[in-house]
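The values are calculated or read from the model by the stated rules, or taken from the named source; none is laboratory data. None of these values were measured; they are calculated from a predicted model. Here the Cβ positions follow ideal geometry from the backbone for every residue, glycine too, while neighbour counts run over all protein chains shown.
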Amino acid sequence: MSTIAVPVGGPTVHTLPESALGPATRTVPEAHEDEPLLGRPGDVSQSTSSTLCRGLLTNLITGTAPLAQLGSFVLVGLIFTAIFTHPLMLFSVHPIMNTLAIVLAVQAILVLQPTHTPNQKRAGAHTHAVIWATSLAAFIAAGVCIEVHKQRRGILHFESKHAIFGTAIYAILVLQATVGILQFYAPNLLGGEAKAKAIYKYHRVSGYLILTALLVNVVFATNTYYAGKVLGIKTWATVMAGVLVLAGVIPRIKKHKVQLWGRRG
């Protein structure tokens with residue numbers, strides 16, 4: 001007689017006759033901490049049989065990722081339309097590069113959500129590093145351009161929440177990138193591979209917090225005179241774009257990978 005496996009009260013598996021549960025023979029999945037924040041295990045998964053490149057690209061559109069991509073598209077549309085419908089100047093480079101950098105940051109996060117096999121993890125980490133390095137270069141270019149612009153025009157520094165918060169984020173981004181490079185490419189400088197892996201979860205959590213801070217600072221930018229009054233970028237529109245990005249990223253986070261306290265599986 002055919003049987004079906006059903007988990008009851010933990011890892012113990014009991015078998016029941018087919019007649020008791022219907023003709024289909026299947027294993028009922030058990031909830032565990034490897035599932036994403038929303039959904040069930042496998043809702044966002046990379047096939048172990050797919051090629052590395054295809055698997056990583058699939059991560060960019062799997063599950064709730066299209067929401068993040070839509071938010072990124074909306075953000076680019078808002079900023080670029082505002083910039084390119086007004087006279088261009090050195091300052092224009094600042095929002096353009098910042099916007100591109102944020103979009104790249106979103107891709108760098110999505111590409112690692114998730115990776116399973118050792119080969120996928122390595123390929124994902126290398127891809128993540130390359131995308132983030134490009135994003136960081138764009139952020140630095142944006143920062144340099146705004147500083148040069150202010151120096152030339154004699155504009156005071158740190159006059160707005162956007163400027164103060166943005167400067168802090170730039171500094172944290174450099175620190176985040178440095179830690180990421182060391183823990184993956186030079187773990188010995190952090191005391192060995194085991195110690196380097198022990199801080200992966202903190203790197204992940206800080207990455208999500210940094211992305212959130214970047215999106216919040218875009219909203220702050222709309223309260224500045226140039227972005228809000230001259231370019232006419234609406235605060236509600238940037239909030240909507242940010243919410244879409246986070247709605248696409250946050251549900252794909254695996255609980256055990258960001259659990260900072262308590263037991264981990």
Take the residues of region 214-227 that are without any contact (Cβ under 8 Å) to a residue 60 or more places away in the chain and β-branched (V, I, T): which is nearest to H86 (Cα to Cα)? T222
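On the basis of being more than 29 Å from S92 (Cβ to Cβ) and either modelled with pLDDT of 90 or more or charged (D, E, K, R) (or both), does I210 make the cut?
Values: more than 29 Å from S92 (Cβ to Cβ): no; either modelled with pLDDT of 90 or more or charged (D, E, K, R) (or both): yes.
No; evaluated as a whole, the condition is false for this residue.
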Sort out for me the helices (runs of 4 or more DSSP H) sitting completely within region 1-109 that have 1 or more residues that are modelled with pLDDT under 50. 18-21
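Out of G180, G143, report the one residue that is under 13 Å from N98 (Cβ atoms) and assigned to a helix (DSSP H, G or I). Spell out the reasoning first.
Numbers: G180 fails: under 13 Å from N98 (Cβ atoms).
Step by step, each of G180, G143 is checked, and only G143 is under 13 Å from N98 (Cβ atoms) and assigned to a helix (DSSP H, G or I).
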Pair list, Cβ under 7 Å, 6 or more apart: region 53-77 residue without any contact (Cβ under 8 Å) to a residue 40 or more places away in the chain and closer than 17 Å to H116 by Cβ, other residue of a type in the set (S, T, N, Q) and not in a helix (DSSP H, G or I): T58/Q46; T58/S50
Working only within region 158-174, note down all residues that are part of a helix (DSSP H, G or I) and not small (G, A, S). K161, H162, I164, F165, T167, I169, Y170, I172, L173, V174
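For region 85-95, what are the residues that are under 22 Å from A137 (Cα atoms) and without any contact (Cβ under 8 Å) to a residue 40 or more places away in the chain? Steps first, answer last, please.
Initial filter on region 85-95 (under 22 Å from A137 (Cα atoms)): 88-95.
L88, S92, listed by residue number.
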For region 83-101, check the following and say yes or no: at least one residue is in the same structural domain as F184 (by TED's automatic domain parsing), touching a Cys at 6+ places or on another chain (Cβ under 9 Å), surrounded by fewer than 15 Cβ atoms within 10 Å (Cβ to Cβ) and of a type in the set (A, V, I, L, M, F, W, C). yes
Examine region 180-198 for a residue that is closer than 24 Å to L244 by Cα, surrounded by 15 or more Cβ atoms within 10 Å (Cβ to Cβ) and either touching a Cys at 6+ places or on another chain (Cβ under 8 Å) or not β-branched (V, I, T) (or both), and state whether such a residue exists. no
State all residues of region 228-246 that are in a helix (DSSP H, G or I) and in contact (Cβ under 8 Å) with a residue 12 or more places away in the chain; if no residue qualifies, say none. V230, T235, A237, T238, V239, M240, A241, G242, V243, L244, V245, L246
